[in-house]
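Chemist: Take a look at this one; I'll ask things after.
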Amino acid sequence: MSSHPNRQIILVARPNGDPKPSDFEIVERPAPVAGAGQVLVRNTLVSLDPFNRILMGNANSDQAPIELGDTMFGFTVGIIEHSNNAAFSVGDHVTGFLGTTGWQDFAVSDGSDLRIVDPAIVPLSSYLGTLGVTGLTAWVGLTKILDPKPGGTLLVTAAAGAVGSAAAQIGKLRGYRVVGVAGGPEKTRHLIDDLGLDAAADYKADDFEAQLARAVPEGIDTIYENVGASQFPILLPHVNIGAQIAVGGVMSQITTTDGLAGPNRLPEVLRAIFYKDLTVRGFNVTKFYEFYPEFLADVTPAVAEKKILSTTHFIDGLENIPSAFPEMFTGRGAGKMIAKIA
Ligand SMILES: NC(=O)c1ccc[n+]([C@@H]2O[C@H](COP(=O)([O-])OP(=O)(O)OC[C@H]3O[C@@H](n4cnc5c(N)ncnc54)[C@H](OP(=O)(O)O)[C@@H]3O)[C@@H](O)[C@H]2O)c1
């Protein structure tokens with residue numbers, strides 16, 4: 001088997017705050033060779049996620065970073081280029097759903113971190129978005145962490161983001177009244193007009209509190225929280241007794257290493273948890289991978305029928321990942337970020 005050149009994006013510096021293109025270097029090495037029982041995967045799509053920033057280190061996270069010089073971890077979609085494993089044939093489309101296939105052209109695998117996917121059902125990029133770990137996270141939050149009351153009001157923060165928009169739409173399909181919080185009038189318009197949410201509130205607007213009050217006339221029964229920012233306490237007066245809150249992420253804190261600005265509102269958060277009898281639970285989706293098949297069976301038909309939509313921001317070429325990835329933190333979300341690398 002001939003050896004292909006393999007471009008790999010390696011981490012060369014740990015960022016302080018937002019990531020920078022110079023934190024990465026692209027190196028070219030010979031592609032690995034599939035051994036007994038292994039396959040060679042040629043990556044075609046690479047998912048860019050907030051988690052990648054956490055793995056670069058100097059993030060507000062308990063997650064151990066990768067080492068300097070390591071290839072960036074990342075979820076991919078690829079094609080089997082060579083197979084010594086009876087479960088995979090050359091030409092099969094696969095997703096590297098554990099992230100081990102990474103930001104590179106080629107990876108070898110024993111197959112345990114790969115799942116065969118079918119481009120005839122949905123576009124391959126969906127397996128990194130609404131049917132990937134992004135969608136799984138949203139679904140786990142709604143089905144395994146929260147137990148929203150039928151017909152009740154579900155509020156999703158960062159609702160125009162990749163996870164938030166999936167959570168909001170899955171919530172709609174499950175019969176909740178769904179309200180999205182997002183930054184800016186274009187995002188709130190998108191939530192209502194394109195994604196079919198019942199209401200939305202723009203946390204960057206001067207009248208955010210009034211917009212929120214109008215959006216949740218019967219209060220909030222369930223919150224899917226993605227941001228972990230100062231807007232959160234503003235929600236609390238509207239939260240109903242016995243409400244449930246899933247904390248699926250703290251996006252605003254990932255690149256903040258020097259403490260959080262603003263007044264300390266922890267006492268009022270704790271007071272609301274106590275007096276309103278709230279249940280608050282965080283979760284890490286990696287502990288819920290066993291539910292992947294159940295999630296796919298539940299959500300794939302809705303994605304195939306375009307009942308769950310996703311805005312995808314495609315990056316062209318592996319070489320452009322280092323300059324595009326930082327925009328996830330500075331540009332504030334033009335949708336699910338995916339690089340087409342082949
Ligand atoms: N629990 C898990 O295991 C798990 C798995 C996957 C992802 N996550 C988490 O889920 C959250 C959402 O991920 P995603 O993939 O949906 O990301 P995304 O598509 O980039 O969306 C994140 C959104 O957060 C909002 N935001 C608020 N403060 C921000 C800040 N300081 N910097 C950047 N964005 C900010 C932005 O929307 P606005 O412009 O509307 O503010 C942005 O669109 C992240 O916190 C991520 O770490 C958790």
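What follows draws every value from the coordinates through simple rules; no lab data is involved. Not measured: the values here are computed from a predicted model. As a convention, Cβ positions derive from the backbone with ideal geometry for all residues, glycine included, and neighbour counts pool all protein chains shown.
Chemist: Roughly how big is the stretch 133-285's charge dipole about its Cα centre, with Cβ charges of +1 (Lys, Arg) and -1 (Asp, Glu), in debye to the nearest 20?
Modeler: Dipole magnitude for the stretch 133-285 comes out near 380 debye.
Chemist: As an exercise, identify the GluC sites (Glu not before Pro) in the stretch 139-238 lying in DSSP coil whose Cβ has no more than 12 other Cβ atoms within 10 Å.
Modeler: Working: sites: 186, 209, 218, 225; in loops: 218.
Here the GluC sites (Glu not before Pro) that fit, given the DSSP loop and packing criteria, are 218.
Chemist: Taking a threshold of 28 Å on the Cα-Cα distance, which of the pairs 144/340; 20/306; 172/204; 144/172; 187/276; 276/336 fall above it?
Modeler: Table pairs above 28 Å Cα-Cα are 144/340; 20/306; 187/276; 276/336.
Chemist: Right, next: Along the charge dipole of the chain, which of 279, 125, 63 sits closest to the positive end, that is, farthest toward it, with unit charges on the beta carbon of Lys, Arg, Asp and Glu (+1, +1, -1, -1)?
Modeler: Final value for the positive-end residue is 279.
Chemist: Using a Förster radius of 22 Å, what is the FRET efficiency between residue 60 and residue 269 based on their Cβ-Cβ separation? Nearest 0.05, please.
Modeler: Between residue 60 and residue 269 the formula returns 0.80.
Chemist: Next question, about the same structure. How much length is gained on full extension from residue 234 to residue 28, taking 0.36 nm per residue of separation minus their Cα-Cα distance?
Modeler: Values: separation 206, 0.36 × 206 = 74.16 nm, distance 4.96 nm.
Net length gain for the segment: 69.2 nm.
Chemist: Residues with beta-carbon under 11 Å from that of residue 146, excluding residue 146: net charge, scoring Lys, Arg +1 and Asp, Glu -1? Kindly include the intermediate steps, with their values, before the conclusion.
Modeler: On the way: positive: 144, 149, 174, 281; negative: 147, 221, 225.
Its environment carries a net charge of +1.
Chemist: Follow-up. What does the charge count near residue 41 come to, summing +1 for each Lys or Arg and -1 for each Asp or Glu among other residues with Cβ under 12 Å from its Cβ?
Modeler: Charge balance in the 12 Å sphere: -3.
Chemist: Would you mind counting up the charge near residue 271? Only other residues with Cβ under 14 Å from its Cβ, with Lys and Arg at +1 and Asp and Glu at -1.
Modeler: Summing Lys/Arg as +1 and Asp/Glu as -1 gives 0.
Chemist: In nm, to one decimal, how far is the residue 87 label point from the residue 281 one, both placed 7 Å along Cα→Cβ?
Modeler: 2.9 nm
Chemist: Let me ask something else. Take the alpha carbon gyration tensor of the stretch 53-180, find the square roots of its eigenvalues, order them as a ≥ b ≥ c, and report rounded if a/c is under 1.5; if not, report prolate when a/b exceeds b/c, else oblate.
Modeler: Cα axes put the stretch 53-180 in the oblate bin.
Chemist: I would also like to ask the following. Applying 1/(1 + (r/R0)^6) with R0 = 22 Å to the Cβ-Cβ distance of residue 241 and residue 208, what FRET efficiency is obtained, to the nearest 0.05? Please report the intermediate quantities before stating the final value.
Modeler: Values: r = 24 Å, r/R0 = 1.07.
Given R0 = 22 Å and the Cβ-Cβ separation, E is 0.40.
Chemist: On full extension of the chain, what length is gained from residue 314 through residue 174, given 0.36 nm per residue of separation minus the C-alpha to C-alpha distance?
Modeler: The span from residue 314 to residue 174 would gain 47.5 nm if fully extended.
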